[in-house]
1. With (1) open to solvent by less than 10 Å² (accessible area, probe 1.4 Å); (2) not in a loop (DSSP other than H, G, I, E, B) as the list, and GLY404 as the residue in question, which single condition is left unmet?
2. Taking the stretch 190-210 only, how many residues are touching a helix residue (DSSP H, G or I) at 6+ places or on another chain (Cβ under 6 Å) and open to solvent by 20 Å² or more (accessible area, probe 1.4 Å)?
3. For a quick check of your reading of the model, give me the residue pairs whose first member lies in the stretch 312-339 and is within 15 Å of GLY352 (Cα to Cα), whose second is of a type in the set (Phe, Trp, Tyr) and open to solvent by less than 40 Å² (accessible area, probe 1.4 Å), with beta-carbon atoms closer than 6 Å and at least 6 apart or on different chains.
4. Could you count how many residues in the stretch 108-150 are within 15 Å of THR193 (Cβ to Cβ), of a type in the set (A, V, I, L, M, F, W, C) and touching a Leu at 6+ places or on another chain (Cβ under 7 Å)?
5. Going by the conditions given, is ASP215 out of contact with any His (no Cβ under 6 Å at 6 or more places or on another chain) and closer than 23 Å to LYS178 by Cα?
6. Just give me the residues in the stretch 166-182 being more than 12 Å from the chain's Cα centre (by Cα) and either without any contact (Cβ under 8 Å) to a residue 40 or more places away in the chain or assigned to a helix (DSSP H, G or I) (or both), in sequence order.
7. Residue check, GLY83 against (1) surrounded by fewer than 19 Cβ atoms within 10 Å (Cβ to Cβ); (2) in contact (Cβ under 8 Å) with a residue 24 or more places away in the chain; (3) over 24 Å from the mean Cα position of the chain (by Cα), all met but one. Which one?
8. Could you please find all residues in the stretch 275-300 being farther than 22 Å from SER64 by Cα and not in a helix (DSSP H, G or I)?
Amino acid sequence: MPSESMPHEKRSEQYSRRKFLAGTGAVAGTSIAGCIGGGGGGSDTVKIGFVLPFSGTYSFLGESIVNGVKLRLDQQLGGEIDGREVEYVRQDTGADPATGASITQEFLQSENVDFIVGPVSSAVAGAMKPEIASAGSAIWLNANAGNYKLVQDSCTRYHFRTSFNTWQTSAPLASYVKDNIADNVVLSYANYTFGQQSKNLFQEAFEEAGGTVVDEIGAPLGTSDYSSFLQEIENSGADTVFSFFAGSDAVNYIKQFSSFGLNEKMTQTGSGFLLSADTLPAQGKAALGMYSLLHYTPTKQSDRNQAFVDAYSEQYDTTPNVYACQGYDSGLAAEMAVKEAGGTDTDSMVSGLAGKELNSPRGYFKFKSTTHDPIMDMDIRQVVEADGGGVQNEVVETLSQVEGPTWGCSL
């Protein structure tokens, strides 16, 4: 896989709260009028189907995505896009691919949705994809599933990723680690598809940058005792670690990494889900000094992000996380698609959204014309002590307009 050019420059953008709340949410573009192809161009409504987990381990992620969508469309746009009332339907996928495919089919055939938002799981996304591609009657706003193979394997023009792909949350950190931390690394990861992809993509980029991977250690999902794996990490003799763990695995791993004394011997780095706004409160000071890479950081110092944080916190009485941002950007994308198309005709909305920029709280965001994956800013963060106690991520560098490979997709 060829490496991509990623300028290491910090971006400073001015974006007032008033404009954030009142604006269209989209960079100005040529409006596409008329209705061609499939979809419901003459409808007086915009119908959005949430195909997300609303129970079980990932329910918090699903609700955060919904909150982000509704912040934009309901609270900031008054429940209308271009004079069309926004309607919602939602069903719980859990983490089951068959359920996700069944719900998707129902939403397309019976509910006649204009947009599908979801899922969380890449396995569920893989099951949904054939249903959406064959129907061709709705835009799929993929608000979390990051598996790059959704683009590599038979990409579909109806798929727009409002989240990230695996490459973006791993490979771009490699050059920073090589140039600023160490030229050798050991990989540790949760041993399932996303963890394997993350460590493989980081390894490719790190070796291309001239670094050396000395070992790799995979741990099963749901591991509670990492002591044997931490011993292997110590025995590797590496100066730094790159890891992918998420959720409770990330909490257990980081706390045990610190108590094992490894934070005094090597530098911990990883995909941003390792050290996220959702895990840091439980990880606490064990995470201090560690580095990660992610596309959204709640503490990022920009007017646009601060306006989003203020609005989300006021509405939901909590700080937004990366999933809320991905939901918000799904709302921005739906808004732009309808306005650019002058209605809800699916093919017109696809044409109106491809290659366009969104005013995302994360920073620069544009749908890549060839894949409909995002080209976006990525934040390298370090965990520091927060004012008033606790810890938080502080952005140390923003990688501008990071775009991943096309994986042979050319829409």
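The values are calculated or read from the model by the stated rules, or taken from the named source; none is laboratory data. All of these numbers come straight from a predicted model, not from anything done at the bench. So basically every Cβ, Gly included, is an ideal-geometry build from the backbone, and we count neighbours across all protein chains shown. Remember, those area values only see protein heavy atoms, side chains included, never the ligands or the DNA or RNA. Shrake-Rupley method; radii C 1.70, N 1.55, O 1.52, S 1.80 Å.
1. Condition not satisfied by GLY404: (2).
2. Step one: list which residues in the stretch 190-210 are touching a helix residue (DSSP H, G or I) at 6+ places or on another chain (Cβ under 6 Å), which gives 190, 202, 205-206, 209.
Narrowing further to those that are open to solvent by 20 Å² or more (accessible area, probe 1.4 Å): 205, 209.
Result for the stretch 190-210: 2.
3. Within 6 Å, the pairs are ALA334/PHE115.
4. 2
5. Details: out of contact with any His (no Cβ under 6 Å at 6 or more places or on another chain): yes; closer than 23 Å to LYS178 by Cα: yes.
Considered against the rule, which asks whether it is out of contact with any His (no Cβ under 6 Å at 6 or more places or on another chain) and closer than 23 Å to LYS178 by Cα, ASP215 comes out as yes.
6. Within the stretch 166-182, LEU173, ALA174, SER175, TYR176, VAL177, LYS178, ASP179, ASN180 qualify.
7. (2)
8. Within the stretch 275-300, the first condition is being farther than 22 Å from SER64 by Cα, and the residues that meet it are 284-291.
Selection gives LEU288, GLY289, MET290, TYR291.
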